[in-house]
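The values are calculated or read from the model by the stated rules, or taken from the named source; none is laboratory data. From a predicted model like this one, the values you see are computed outputs, not experimental measurements. Here the Cβ is made from the backbone with ideal geometry for all residues, glycine too, and neighbour counts use every protein chain on show.
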Amino acid sequence: MDRIPILQIGRRLLVTIQIDLMDQTALALQDDLAARIERSGATGVLIDISALEIVDSFIGRMLVNISGIANVLGATSVVVGMQPAVAITLVELGLSLDGVRTALNVERGLELLHQATAEQSDDDRFDWR
C-alpha cells in the first residue's frame, strides 16, 4: 500500500497527493495525519489535490473527515488545487464538503492558513479572567 508523505514546514503540514487515492490509502492518510498533528502540534494543514483527476464519494467524505479531525486537534485545514472536473463530480454526487476550506492553489491556501492561524493566536491571547 502506498503512503502519502506529510511534510512539516514550521507549524504547518503539507500533504501533496500525487497518486489516485484508493480507499485504504485514504484511510491510512487520515490516521497518519491525525498522529502527525498530535505529535507536531501543527496549527495548519494544506492538502494539495491538484494531481487527482477522479474523486469518488468515499474520497470526498474522507476529505471532510480529515478536515474535521484536523479541526478537533486544533489545526486549520485547507484543500487546494481541485480540478474543475473533480468539483463537478463532487457536486453531482451531492457532496458539498461542508466545513472544508478550499482554495484554488497553494499560494491562496497558504494565505487562508496564515489568516486562520493568526485569528487562532488572537483567540489564544484572550484573557479569560
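State all residues of region 53-71 that are crowded, with 21+ Cβ neighbours inside 10 Å and closer than 14 Å to Thr25 by Cβ; if no residue qualifies, say none.
Val55, Ile59, Leu63, Ile66, listed by residue number.
Tally up the residues in region 1-19 that are free of Cβ contacts under 8 Å to residues at least 40 places away in the same chain and touching a Leu at 6+ places or on another chain (Cβ under 7 Å), please. Write out each step before concluding.
Keep residues of region 1-19 that are free of Cβ contacts under 8 Å to residues at least 40 places away in the same chain, which gives 1-10, 14-19.
With touching a Leu at 6+ places or on another chain (Cβ under 7 Å) added as a condition, the list becomes 4, 6-7, 14-15, 17.
Number of matching residues: 6.
Here are some conditions: (1) surrounded by 15 or more Cβ atoms within 10 Å (Cβ to Cβ); (2) farther than 24 Å from Asp2 by Cα; (3) hydroxyl-bearing (Ser, Thr, Tyr); (4) without any contact (Cβ under 8 Å) to a residue 40 or more places away in the chain. Thr43 meets all but one. Which one does it not meet?
Condition not satisfied by Thr43: (4).
Scan region 36-44 and give yes if some residue there is at pLDDT 95 or above, over 13 Å from Ile69 (Cα atoms) and polar (S, T, N, Q), otherwise no.
Yes - at least one qualifying residue is present in region 36-44.
For region 85-120, which residues satisfy the criterion of being free of Cβ contacts under 8 Å to residues at least 24 places away in the same chain and among the hydrophobic types (A, V, I, L, M, F, W, C)?
Correct list: Ala87, Ile88, Val91, Ala118.
Looking only at region 1-33, which residues are hydrophobic (A, V, I, L, M, F, W, C), within 17 Å of Asp48 (Cα to Cα) and modelled with pLDDT under 90?
Ile19, Leu21, Met22, listed by residue number.
So Arg36 ticks every box in (1) assigned to a helix (DSSP H, G or I); (2) under 20 Å from Val55 (Cα atoms) but one. Which box is left unticked?
(2)
Could you list all residues from region 91-113 that are modelled with pLDDT under 90 and either within 26 Å of Ile9 (Cα to Cα) or among the small types (Gly, Ala, Ser) (or both)?
Gly94, Ser96, Leu97, Gly99, Val100
Which of the residues that make up region 7-29 are surrounded by fewer than 17 Cβ atoms within 10 Å (Cβ to Cβ) and outside any loop (DSSP other than H, G, I, E, B)?
Leu7, Gln8, Ile9, Asp23, Gln24, Leu27, Ala28
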